[in-house]
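What follows is a single structure, written as structure tokens, with notes after it.
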Amino acid sequence: MDEQIELAIEELTELSKQISAVKRTVMMNFTDVLKMKAEVMGKSKPDGQFSHTFTHSSSQKRITLGVNTIDAYRDTVEDGVAMVREYIESLAKDDNSRALVNAVMRLLAKDQKGTLKASRVLQLRKMAEETGNEQFIEGVRIIEESYQPTVTKQFIRAEIRGDNGEWVSIPLGVTEA
């Protein structure tokens, strides 16, 4: 058993080094492409774009480069949330409007980790703009400015077209292979 463990650890360590080297090379090779994309297309988000997919001109191969992120906010987010809550709660005049207020308030609900979901904040912004209410708009602006996503891992996903035209992932991890 010890002999097999030693052999497996040796081989897996070498595989890990090879994967790291290839990942580094691919990311470096796409540096200029990413710069060109930023110049031509502009950034899609104020904080930058977290993933980029590039499809070969034959439409048979594609690569996605990116980073996984976790939603995170500065402490000022609570000020924005309080402003939005105050405005939304002021709208509840009867049972029907209370039901609508409760639905909107769910957008401010935090997940199990106590974090607001960025996608919900986008929905709130749209609502705020539709109402034109300065307090609502300002509260959402404070929430958005408090947003500081935390980058967790950099990834590369490679895919090729299958026989039926579907995208098939090239397994790049030990678990997937």
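Where a number appears in this text, it was derived from the coordinates with a stated rule and is not lab data. Source: prediction; values computed, not measured. A quick note on method: Cβ atoms are made from the backbone with ideal geometry, for glycine too, and the neighbour counts reach across all protein chains shown.
For n ≥ 4 DSSP H runs only, could you compute -39500 (n - 2.57) per run for the chain, divide by its residues and tell me the 222 nm figure to the nearest 500?
Taken over the chain, the calculation gives -17000 deg cm²/dmol.
Determine the dipole magnitude for region 9-101: charges of +1 sit on the beta-carbon of Lys and Arg, -1 on that of Asp and Glu, nothing else is charged, the reference point is the Cα centre, and the result goes in debye to the nearest 20.
Dipole of region 9-101, to the nearest 20 debye: 620 debye.
Roughly how tilted is helix 2-29, in degrees to the nearest 10 and between 0 and 90, from the longest Cα axis of the chain?
60
Calculate how steeply helix 134-146 sits against the longest principal axis of the alpha-carbon atoms of the chain, using the helix alpha-carbon long axis, and give the answer as 0 to 90 degrees to the nearest 10.
The angle comes out near 20 degrees.
With +1 assigned to the C-beta of every Lys and Arg and -1 to the C-beta of every Asp and Glu, and no other charges, what is the dipole magnitude of the chain about the Cα centre in debye, to the nearest 20?
Rounded to the nearest 20 debye, it is 580 debye.
May I ask which residue of Met36, Gly162, Phe136 lies farthest towards the positive end of the charge dipole of region 30-177, with charges of +1 (Lys, Arg) and -1 (Asp, Glu) on Cβ and the Cα centre as origin?
The residue sitting most towards the positive pole is Gly162.
Using alpha carbons only, how many degrees (0 to 90, rounded to 10) separate the axis of helix 77-90 from the longest principal axis of the chain?
40
Set the Förster distance to 41 Å, then compute FRET efficiency between Ile156 and Arg125 from the Cβ-Cβ distance, nearest 0.05.
Numbers: r = 32 Å, r/R0 = 0.78.
Step by step, r from the Cβ atoms, then E = 0.80.
Report, in listed order, any pair from Lys23/Lys110; Lys23/Lys113; Lys37/Lys153; Lys126/Lys153; Lys17/Lys113 with a Cα-Cα distance greater than 24 Å.
Where the Cα-Cα span goes over 24 Å, the pairs concerned are Lys23/Lys110; Lys23/Lys113; Lys126/Lys153; Lys17/Lys113.
For region 1-116, what relative contact order do you get, as a whole percent, if you take Cα pairs closer than 8 Å and at least 6 residues apart? Mind showing how you got there, number by number?
On the way: 43 pairs, mean separation 16.0, N = 116.
Relative contact order comes out at 14 percent.
Can you tell which of Arg141, Arg157, Arg24 shows the greatest fluctuation in a Gaussian network model of the chain with Cα springs below 10 Å?
Maximum fluctuation in the GNM of the chain, among the listed residues, is at Arg24.
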